[in-house]
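Beneath this line is the structure, given in structure tokens, with notes to follow.
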Amino acid sequence: MTETVVSPNEVAAPGRWQDYVQLLKPRVMSLVVFTGATGLVCAGQPMNPILAAVAVLCIAVGAGASASLNMWFDADIDIKMRRTRHRPVPAGRVQGADALAMGVTLSLLSVGMMSLAVNLLAAGLLAFTILFYAVVYTMWLKRSTPQNIVIGGLAGALPPVIGWAAAAGSVPLNAWILCAIIFLWTPPHFWALSLYTSEDYAKAGVPMMPVVRGAASTRRQIMAYSVIFVASALAPVFTGLGGPGYLAVAGIGGAIFLGLAVKLLLSRAGDPDGEGAARQGASGLYTVKPGSKDARNMFAFSIAYLTLLFAALLVEHLAGVQGLRL
């Protein structure tokens, strides 16, 4: 049976408010807001609660703006992939021009509000993050190099720096350590996903690492980055940013993360033998063929581990727990 795919230029149904919410990528936004708020709290500077809420709101709106611009520009490749073809623009529920207008409007609103209500440093970092994600990553890197998510990962790593700048008006070493943790987490996280969605990326012409270098090379690179990432996750306990609770989370979670990376390295996830891709017709992130379960497990745990790392920092700083200096 031939599957019918709706063209981005053909409106399948009138757009609902839920479609415009989907343009903001709320799941991604929630992680961005969480890490940004953690950076704000970890700065340890007194801040008016209303201004703190405004700063976090600006980070959220900026993340939604980036997502909307990404969906506008990527509609031509999103329609070719099972995982993304039902997004509002490729499915025809939202016109590309509307997604573009929404992204530009939210960008200006978030940066303008941050500059007026908080400070120019935070506003400048937010503007840079939006431009980097929407222009450098989406319009250039994603379609031109297998290092797309490595370099482009900087956009997703900057929210805690923005939050820190909003509270303190400066970005010291600890702020950049939080940035580095997310930056080094990004390659093993996204390459694990790409191992079982490589057929989609190949069909869309996106040069993800498994498509360009092959699954075996991707698994080795995931292993290498996992070691560096887990080591970076321990850095806060050497600078006084993380306390005993954070050390426990980073150590235990890091051991599990490395164990999953080793298991993935020794697997055949992503190999061109029919077992490396998602199940035929499936569009979810977690529905895979048996051979790619190790990649799926790595992808899923990476989200949980990063969340726990930042949650531990957030709880410790809210509770006034003293950081370690090993």
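Laboratory data are not the source of any read-out in this text; all were calculated from the coordinates shown. These figures come from a predicted structure and were not determined experimentally. Virtual Cβ from ideal backbone geometry, glycine too; neighbours counted across all protein chains shown.
Farthest toward the dipole's positive end in the stretch 1-171, which of 29, 119, 79, given Cβ charges of +1 (Lys, Arg) and -1 (Asp, Glu) about the Cα centre?
Farthest towards the positive end: 79.
Work out how much length residue 238 to residue 203 would gain on full extension: take 0.36 nm times their residue separation and subtract the Cα-Cα distance, in nm to one decimal.
Numbers: separation 35, 0.36 × 35 = 12.60 nm, distance 4.52 nm.
Between residue 238 and residue 203, full extension yields 8.1 nm more.
Compute the distance in nm between two label points, each set 7 Å from the Cα along the Cα-to-Cβ direction, one at residue 105 and one at residue 231.
If labels sit at residue 105 and residue 231, their model points lie 4.8 nm apart.
Where in the chain are the helices, taken as whole DSSP H runs, whose Cα atoms extend 24 angstrom or more along the long axis and whose Kyte-Doolittle mean reaches at least -0.5? Walk me through the intermediate numbers first.
Details: long enough: 49-73 (36 Å, 1.78); 96-117 (31 Å, 1.48); 173-195 (34 Å, 1.39); 215-233 (26 Å, 0.75); 244-265 (31 Å, 1.71); 293-319 (38 Å, 1.03).
The answer, listed by residue number, is 49-73, 96-117, 173-195, 215-233, 244-265, 293-319.
Going by average Cβ density within 10 Å per residue, which order do the peptides 201-214, 81-94 take, highest to lowest?
The packing order, highest mean first, is 81-94, 201-214.
Can you give the alpha-carbon Rg of the stretch 15-169 over 2.2 N^0.38 Å, where N counts its residues? Before the final figure, lay out each step's value.
On the way: Rg = 15.5 Å, N = 155, 2.2 N^0.38 = 15.0 Å.
Rounded to two decimals, the normalised Rg is 1.04.
Counting pairs of alpha carbon atoms under 8 Å apart in space and at least six apart in sequence, what relative contact order in percent does the stretch 172-326 give? The partial results should precede the final answer.
Details: 217 pairs, mean separation 49.2, N = 155.
Relative contact order here is 32 percent.
Averaged across orientations, what area in nm² does the convex hull of the alpha carbons in the stretch 172-326 project?
Its average projected convex-hull area is 9.5 nm².
Report the relative contact order of the chain, percent, no decimals, based on alpha-carbon pairs under 8 angstrom and at least 6 residues apart. Mind dumping the intermediate values first?
Numbers: 566 pairs, mean separation 62.0, N = 326.
Across the chain, relative contact order equals 19 percent.
If the convex hull of the alpha-carbon atoms of the chain is projected onto planes in all directions, what is the mean projected area in square nanometres? Write out the running numbers ahead of the final one.
Working: hull surface 64.8 nm².
The number I arrive at for the chain is 16.2 nm².
At a Förster distance of 45 Å, what's the computed FRET efficiency of residue 83 paired with residue 322, Cβ-Cβ distance as r, to 0.05?
Numbers: r = 44 Å, r/R0 = 0.98.
Using R0 = 45 Å, I get an efficiency of 0.55.
If packing is taken as the average number of other Cβ atoms within 10 Å across a peptide's residues, how do 318-326, 122-130, 63-71 rank, most packed first? Present the calculation step by step, with values, prior to reporting the outcome.
Details: 318-326: 12.1, 122-130: 23.0, 63-71: 26.7.
Top of the packing list down: 63-71, 122-130, 318-326.
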